1. With (1) surrounded by 14 or more Cβ atoms within 10 Å (Cβ to Cβ); (2) assigned by TED's automatic domain parsing to the domain that holds residue 279; (3) at pLDDT 80 or above as the list, and residue 261 as the residue in question, which single condition is left unmet?
2. If residue 96 satisfies every condition in (1) at pLDDT 85 or above; (2) crowded, with 16+ Cβ neighbours inside 10 Å; (3) of a type in the set (A, V, I, L, M, F, W, C) but one, which is the exception?
3. Name the single residue that is surrounded by the most Cβ atoms within 10 Å (Cβ to Cβ) among those in the stretch 152-189 being under 37 Å from the mean Cα position of the chain (by Cα) and at positive phi.
4. May I ask you to list the residues in the stretch 127-145 that are modelled with pLDDT of 85 or more and either of a type in the set (Asp, Glu) or out of contact with any Ser or Thr (no Cβ under 6 Å at 6 or more places or on another chain) (or both)?
Amino acid sequence: MRSSTIASIAMVPSFLLTMLPMMAVPAFPLAAGLAIAIPIGNLLVNDELMIVLYLRRARAALHQAVLLLSIFFTVIYAGLVLWWAPQSHLHGKQLLFSFASTQFAQLEPGIFHAPFPGLTLYFKQKSIDTVTGNVAYSPIFLAYFKDNEHYLFTARSGVVRNGTIYLVDGNIYSIGKQQSHTALFEETAIDIKHFFEGDTKRKQSYHLKFMTLGQLCDYKDTTGVAMAEVHKRVAQILWQFLFPFFALLGVMVFGRRKSNLLTSLLFVGGLYVLSYASIAAGQNFGSQLLVMSAFLYLCPLAIFGVMLNYYRLRL
């Protein structure tokens, strides 16, 4: 097995562990809801919670247990949303940069390579500096696509250092929709991170999404996008706090059937989709504070009020 393949396989566990906090963000609300809906629903189906339906103290004890579980989940979830998940993305990107640099050392000469989407690379010879470990290519041809423009580079030599491709003594050809340009250069640099970021129109929101709370508060923003991101995360925490109560109310109303597992999955899953739609809609109105607040805060509280009132009428 080739060393590059072995390196790719060895990287997978490290990358998954690094990105685990970020992957846990969407899983926590579902886990909190199902942790309440499924066991309580099973007890209801087997008529083992009849005392809760008739004794106020029993209901109060059940509500206190759900409250403690909700607080436990919410505290951990707040840490995930505000700090750990954004940091995991940053560390994951650094891991990808490191892996990308090592993969460049494995490329073979005389072959067209596409190490990233939108990037094509060809070189005739390759040499490795025994002191620094940097890989040099000569001569080199590089082409990449960015912002609806094609860029073609030809250079006498090139080297990859610290996640950046440095080209020496060459030409650049820029081909756009309306016009084209050509220029000579002694040295130019191409940052590999651009190939991880995608469309530049989404870069601002993309970066804000992966900032910690402190970074968002320090971010100098005149459009209000950073503050909308803060409100979005607070709304996520609010939904997380309410999810166990939503699950309890839902299973009390809809879960007294034999298909309790299916009912719990459909109810909690549908509620998660609703929370996602509410948060996404609120963030789109970041410049309009009242509309944003209605979607982010009023929506979950209104749904909770309606379900609570209906639950009380059923008792």
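1. (3)
2. (1)
3. Looking at residues that are under 37 Å from the mean Cα position of the chain (by Cα) and at positive phi, I get 163.
4. The answer is 137, 139, 140, 142.
Per-residue answers, yes or no, for (1) of a type outside the set (Ser, Thr, Tyr); (2) within 23 Å of the chain's Cα centre (by Cα):
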| residue | (1), (2) |
| --- | --- |
| 238 | yes, yes |
| 247 | yes, no |
| 254 | yes, no |
| 264 | no, no |
| 288 | yes, no |
| 296 | yes, yes |
| 302 | yes, no |
| 314 | yes, no |
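The values are calculated or read from the model by the stated rules, or taken from the named source; none is laboratory data. Quick caveat, the model's predicted, so the values are computed rather than measured. Heads up, the Cβs are rebuilt from the backbone with ideal geometry, glycines too, and the neighbour counts pull from every protein chain shown.
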